[in-house]
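*Asks:* If you scroll down you'll find the structure; I have some questions about it.
The values are calculated or read from the model by the stated rules, or taken from the named source; none is laboratory data. Model, not experiment: these values are computed from the prediction. Using ideal geometry, Cβ is built from the backbone for each residue, glycine included, and neighbour counts are taken over all protein chains shown.
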Amino acid sequence: MFSEDRPTSTRDAGPDGRPVERRRRADRADRAGTPPDGVERRRQRAVDSLGLSVPARQQRDDRFDRITRLAARIFDASWAGITVLDGDQAWFPSAQGFDIPLMPREDTFCSRTTSNARLTVVPDATLDPDYAGLPAVVNDGIRFYAGVPMTDTLGNVIGVFCVYDHSPRTMPGRDLETLEDLAAWAQSELVGSSEMLRAGQVQKAMLPAAPLHRDGWDVDGICLPALAVGGDLFDFALTNGVIHIGLGDVMGKGTGAALVGAGVRAAVRSTHPEVVTGTDLGTTTHRVARTLRGDLERNESFVTLFQCAIDVASGSVRYADAGAGLCVLLRVDGTVERLTSEDRPLGILPDDTWTEHRTTIDPGDRLLVFSDGLLDLLHDQVEWWPEVGTLVGEHADPAGLLLAVRELTAAQVALDDVTAVAVYRSPEARE
């Protein structure tokens, strides 16, 4: 939409006898173009759901800055940026040429563009009463504005991509197409990154809320997705004196693996009541596999899964390993044992079965189960258990061990999700 060139002066009087500028100030809220209540409620809900509200995301992002810098150069513009309206405020995920953390929504050009929900071009803001009184015009000398609304998948305006200049100008059709292309790029980044951020927050919230400390036992875990979300999962809980632990790894990474992983976690958790009452872990693993069979077949995927049930009083351990094979038990005397199994991952063959195995965790022993993302970071990926045993032995508690895993992952740039659960039994524990 092109704003009409309507000559006006702040000294002219309107029909009511008041100076035009005073009338503008009185009617600013109306001219800000706030959308109808229903539209605005949907728009605000979209901003909130994407995590774009001011408290959550008031920070600049290099990905957006690259696009707005490019826009400023292409159009030789004084300013370029992305504006997000949150309630009665506006903030800027990216800004070139100005540094304003927050400002009132009604003081922005982009409030009008949000209301119009279409391309808005203002050749000379001083000649348009809807814009002439804005602080950017009065205080900063902005004359030209062009803004493209950025929408979510449902068409709700969640931001505006815009350029400004201190000189009046027009924007030819080809330039408008380029501006819309840049806006579409920024929109894809903004919506995509926000959705992934939210997905990552949801996935993190599904993990155990706190470490477990009970009767000389310490259990904690960590999940480090290679992307914003991942296909690894872990869970643990203590019920009736039995600690039930599960760690799974869905083939692949990213959103698809994360969705399958959520189903795996739910299926494993559904077996918890039976596990803590002593039901064979081979049987419960088969139940999990049966629950997931259709999903895994449709997605042509498979899952490695390790589960164990630990009796807190005696230290006896029952476990089932579906194709994982990445679990070490460091004995108090320094001996490193692997907990192994010949069973295949879930989703390979429909008639597969799984076997329950047994061992003990004695006072002073430590167990670590992990996904193959950590295996990729080790020096020896064939005979890896001595290196893992050394890593476990170097740290006195699960928190220290998992911090070391995090640092190792950051230092070597993991190519896959890295997940680990550590179980320490106090040396002072007695049966």
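*Asks:* Taking the criterion of being among the acidic types (Asp, Glu) and not in a helix (DSSP H, G or I), would at least one residue in the stretch 164-177 satisfy it?
*Replies:* Going through the stretch 164-177, the residues among the acidic types (Asp, Glu) turn out to be 165, 175, 177.
Still in the running and not in a helix (DSSP H, G or I): 165.
So far as the stretch 164-177 goes, yes, one or more of its residues are among the acidic types (Asp, Glu) and not in a helix (DSSP H, G or I).
*Asks:* While we're looking at this one, here's another question. Restricting attention to helices (runs of 4 or more DSSP H) lying wholly within the stretch 38-122, give those where 3 or more residues are of a type outside the set (S, T, N, Q) and in contact with a Ser or Thr (Cβ under 7 Å, 6 or more places away or on another chain).
*Replies:* Working: elements: 54-57, 62-74, 110-116.
Correct list: 62-74.
*Asks:* If you take the residues of the stretch 78-89 that are buried (at least 24 other Cβ atoms within 10 Å of the Cβ) and of a type in the set (A, V, I, L, M, F, W, C), which of them is farthest from Ala183 (Cα to Cα)?
*Replies:* As a first pass, look at the stretch 78-89 and keep what is buried (at least 24 other Cβ atoms within 10 Å of the Cβ): 80-85.
Still in the running and of a type in the set (A, V, I, L, M, F, W, C): 80, 82, 84-85.
Values: Ala80: 11, Ile82: 9, Val84: 13, Leu85: 16 Å.
The extreme case among them is Leu85.
Matching residues to (1) modelled with pLDDT under 95; (2) buried (at least 19 other Cβ atoms within 10 Å of the Cβ):
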| residue | (1), (2) |
| --- | --- |
| Phe161 | no, yes |
| His166 | no, no |
| Gly173 | yes, no |
| Leu179 | no, yes |
| Leu190 | yes, yes |
| Ser194 | yes, yes |
| Gly200 | yes, no |
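*Asks:* If I ask for residues that are part of a loop (DSSP other than H, G, I, E, B) and within 14 Å of Leu367 (Cβ to Cβ), which ones from the stretch 313-327 would you list?
*Replies:* Those that are part of a loop (DSSP other than H, G, I, E, B) and within 14 Å of Leu367 (Cβ to Cβ): Gly315, Ala324, Leu326.
*Asks:* What are the pairs, 6+ residues apart or on separate chains, where a residue within the stretch 208-221 that is modelled with pLDDT of 95 or more has its Cβ under 9 Å from a residue that is of a type in the set (S, T, N, Q) and assigned to a strand (DSSP E or B)?
*Replies:* Once the first residue is modelled with pLDDT of 95 or more and sits in the stretch 208-221, its partners that are of a type in the set (S, T, N, Q) and assigned to a strand (DSSP E or B) give Gly221/Thr419.
*Asks:* Kindly indicate which of Ser111, Ser115, Ser94 is closer than 19 Å to Leu52 by Cβ, touching a helix residue (DSSP H, G or I) at 6+ places or on another chain (Cβ under 9 Å) and surrounded by fewer than 22 Cβ atoms within 10 Å (Cβ to Cβ).
*Replies:* So the residue among Ser111, Ser115, Ser94 that is closer than 19 Å to Leu52 by Cβ, touching a helix residue (DSSP H, G or I) at 6+ places or on another chain (Cβ under 9 Å) and surrounded by fewer than 22 Cβ atoms within 10 Å (Cβ to Cβ) is Ser115.
*Asks:* Ok, one more. Give the residue that is surrounded by the fewest Cβ atoms within 10 Å (Cβ to Cβ), with candidates limited to residues of the stretch 294-335 that are charged (D, E, K, R) and touching a residue at least 40 places away in the same chain (Cβ under 8 Å). Reasoning before the result, please.
*Replies:* Of the residues in the stretch 294-335, the ones charged (D, E, K, R) are 295, 297-298, 300, 311, 318, 321, 331, 333.
Adding the requirement that they be touching a residue at least 40 places away in the same chain (Cβ under 8 Å) leaves 297, 311, 318.
Details: Glu297: 12, Asp311: 17, Arg318: 21.
Filtering first and then ranking leaves Glu297.
*Asks:* Give the residues of the stretch 384-427 that are small (Gly, Ala, Ser), under 15 Å from Ala226 (Cβ atoms) and exposed (fewer than 15 other Cβ atoms within 10 Å of the Cβ), sorted by residue number. It would help to see each step written out before you state the result.
*Replies:* The first filter runs over the stretch 384-427 and keeps only residues small (Gly, Ala, Ser), leaving 389, 393, 396, 399-400, 404, 410-411, 414, 420, 422, 426.
The next check asks that each one be under 15 Å from Ala226 (Cβ atoms); those that pass are 410-411, 414, 420.
Residues satisfying the conditions are Ala410, Ala411.
*Asks:* Is the stretch 374-385 home to any residue that is more than 19 Å from Leu247 (Cα to Cα) and touching a residue at least 60 places away in the same chain (Cβ under 8 Å)?
*Replies:* No, the conditions are met nowhere in the stretch 374-385.
*Asks:* Next up: For the stretch 128-159, which residues satisfy the criterion of being of a type in the set (Val, Ile, Thr) and either surrounded by fewer than 23 Cβ atoms within 10 Å (Cβ to Cβ) or out of contact with any Phe, Trp or Tyr (no Cβ under 6 Å at 6 or more places or on another chain) (or both)?
*Replies:* Going through the stretch 128-159, the residues of a type in the set (Val, Ile, Thr) turn out to be 137-138, 142, 148, 151, 153, 157-158.
Scanning the stretch 128-159 gives Val137, Val138, Thr151, Thr153, Val157, Ile158.
*Asks:* Report yes if Pro129 is assigned by TED's automatic domain parsing to the domain that holds Asp175 and either under 23 Å from Leu176 (Cβ atoms) or in contact (Cβ under 8 Å) with a residue 60 or more places away in the chain (or both), otherwise no.
*Replies:* On the way: assigned by TED's automatic domain parsing to the domain that holds Asp175: yes; either under 23 Å from Leu176 (Cβ atoms) or in contact (Cβ under 8 Å) with a residue 60 or more places away in the chain (or both): yes.
So Pro129 fits the description; yes.
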